């Protein structure tokens, strides 16, 4: 294999490793987003359940406490929505990085393959030329006892 094919093969291998690493980061970001969305759903579900717990005939203090707690839950929900939005944006950035790394790896693999194919064809032409040269040489005179 020529130096250029060998170098390109190494570059393609390194680019493939980088694409794999970017893919793992993308998967981790997807996991974080799923977790954040699940936490948001839990908060919303808790708020909906808690909002229905206040029964009639309660004093003003209990009503105020109930409203304050609902307000804190709503603030936590809004905070979590912000977290989820940032996770979605981070996921999109990781997706862009992964696509770029994968595209680069594929391009380098293609170039490396072309270099290897060109080297193989050159080797085949060289071998064919050598074989042609051997067949075109006149046969060597046989050894005889009379020459001797």
Is it the case, given these coordinates, that residue 135 is exposed (fewer than 12 other Cβ atoms within 10 Å of the Cβ), farther than 30 Å from residue 26 by Cβ and touching a helix residue (DSSP H, G or I) at 6+ places or on another chain (Cβ under 9 Å)? no
Does residue 127 satisfy the condition of being in a helix (DSSP H, G or I), closer than 30 Å to residue 31 by Cα and modelled with pLDDT of 90 or more? no
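Under 30 Å from residue 102 (Cα atoms) and either surrounded by 12 or more Cβ atoms within 10 Å (Cβ to Cβ) or in contact with a strand residue (DSSP E or B) (Cβ under 6 Å, 6 or more places away or on another chain) (or both): which single residue out of 70, 33 fits that description? Break it down stepwise before answering.
Details: 70 fails: under 30 Å from residue 102 (Cα atoms).
Result of the check over 70, 33: 33.
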Within region 101-121, work out how many residues are free of Cβ contacts under 8 Å to residues at least 40 places away in the same chain and either surrounded by 15 or more Cβ atoms within 10 Å (Cβ to Cβ) or closer than 14 Å to residue 20 by Cα (or both). 2
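Picking from 70, 91, which residue would you name as being over 41 Å from the mean Cα position of the chain (by Cα), outside any loop (DSSP other than H, G, I, E, B) and modelled with pLDDT of 90 or more? Lay out the reasoning, then the answer.
Working: 91 fails: over 41 Å from the mean Cα position of the chain (by Cα).
Result of the check over 70, 91: 70.
The values are calculated or read from the model by the stated rules, or taken from the named source; none is laboratory data. Here the structure is a predicted model, which means the values were calculated and not measured. A quick note on method: Cβ atoms are made from the backbone with ideal geometry, for glycine too, and the neighbour counts reach across all protein chains shown.
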